[in-house]
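Values in this text are rule-based calculations from the coordinates and carry no lab data. The shown structure was predicted, so the numbers you read here are calculated from the model rather than taken from an experiment. Don't worry about glycine lacking a Cβ; one is built from the backbone with ideal geometry, like all the others, and counts go over all protein chains shown.
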Amino acid sequence: MSPILRIAVPSIISNITVPLLGLIDVAIVGHLGAASYIGAIAVGGMMFNVIYWIFGFLRMGTSGMTSQALGARRLDETVRMLARSTTIAVGIAILLIVMQYPIREAALMFMNPTDEVRRFSSTYYNICIWGAPAMLGLFAMSGWSIGMQNSRIPMAVAIVQNVVNIIASLLFVFVFGLKVEGVAFGTLTAQYAGFIVSAVLVLSRYRRLLSRYFSFSGIWQRDAMISFFKVNRDIFLRTVCLVSVMMFFTSAGSWQGEVILAVNTMLMQMYMLFSYIMDGFAYAGEALSGKYYGARDTAMLQRTVRHLFIWGAVMTVFFTVAYAVGGDAFLSLLTDDRDVVNASADYFLWALALPVAGVAAFIWDGVFIGCTFTRGMLISMFAASVVFFALYYSLRDVYGNHALWLAFIAYLSVRGIAQTGLFKSYKIG
């Protein structure tokens, strides 16, 4: 098996389970009889997407810097990266719990859902916020594992999370009759199960490495911390742009009523499914690009990029064809509401364009993270975000929800085009 597939395949298995967590939640509430339940999961889920996307640097920065340290054979620094990122993750999680009420109210004020959706999504949020330590801790450990060229640990964790989430959510909802609360408790249970499994696997797999090189004295070394936060500052700001677009997308749907919100939520599940598949190859790009960049092996870095784009083209064709053939059946699995399924037909062509528009951005993100070209990621994301908002506000009065989808397609395309140009300008030799 090629190095790309050796990392990508477990990552794909792992990542495919992430949208499945969302799909399971949507499918459960989609059969409870009201569009407001679907909207509540969309709004509640988006609030946590915002939180966890913003702090995604705990995974991305850790992955890139760990893989570069590994490529340079600085094993002591790889261990310090694990300790550094994990302790920072726990500190941020505690702050999120302390600030949970103002964060929730600010998010709901911005998204402005209907009263019923607001009530259900608040319930979801109040329960799931207590999973922040588990989720952020998982970010740090998953990023470190990928940087160490090991995507099997995140895969095992994801499988455990999904099994636990399915069992717990079904139990809480259909046995105890908790509805939205049941979905939230199922998610919370799965998050802590995943965190515990990840910690056990990392400690057991790298026991000798950790015992040999671990030292408290090097964790907070000044130059290392400056480098850590410099890289992660760009990732953080880039993620703020991403979150702004994704949160606005959901909000713009909610402003158009519960049916349009449900339609956009359903179609976005198709995008999320594709994105987490492509992130498997992006993770391979992170691990391998970082390793070869750290080792100053330009030839292997260029070869890795070429092969990643070949696999990206294959995945794009596959998903476009699969969605064209089975899209309506896919949507019908998620909800019994025929109004939502029928309304989705008007916007389905936009969903078919998502793989083509987004493939380059996913691949380049992996390469840029591995090489810590984080300023380029920020520049391309900022440009794409400007295009998104400019297009939507220029066209919304005429085209309504179609303007929203056109702006999102343009946003994905600009990211990939900009990163292609930026990569050619970097000196990687």
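A few remarks follow.
- Candidate aspartates and glutamates - alpha carbon under 20 Å from residue 291, same-chain residues fewer than 8 apart omitted: 76, 77, 279, 365
- The mean of 1/r over all pairs of different alpha-carbon atoms in the stretch 44-110, once inverted, gives a Kirkwood hydrodynamic radius of 13.6 Å.
- Full-stretch length increase - residue 6, residue 90 - with 0.36 nm per residue and alpha-carbon distance subtracted: 27.2 nm
- Distance cut-off 15 Å, percentage of C-alpha pairs in the stretch 267-336 lying past it: 61
- Nearest-0.05 FRET efficiency for residue 207 and residue 112, computed from C-beta distance (R0 60 Å): 0.75
- Rounded tilt (10° steps) of 180-205 against the dominant C-alpha axis of the chain: 10
- Fewest-first sequence of 307, 402 by Cβ atoms within 10 Å of each Cβ: 402, 307
- Residues residue 100 and residue 256, FRET efficiency given R0 of 51 Å [Cβ-Cβ distance, rounded to 0.05]: 0.95
- Mean residue ellipticity (222 nm) of the chain, computed from DSSP H runs ≥ 4 via -39,500 (n - 2.57), nearest 500: -30000 deg cm²/dmol
- For the stretch 173-256, the equivalent ellipsoid derived from the Cα gyration tensor has semi-axes of 36, 27, 8 Å, listed largest first.
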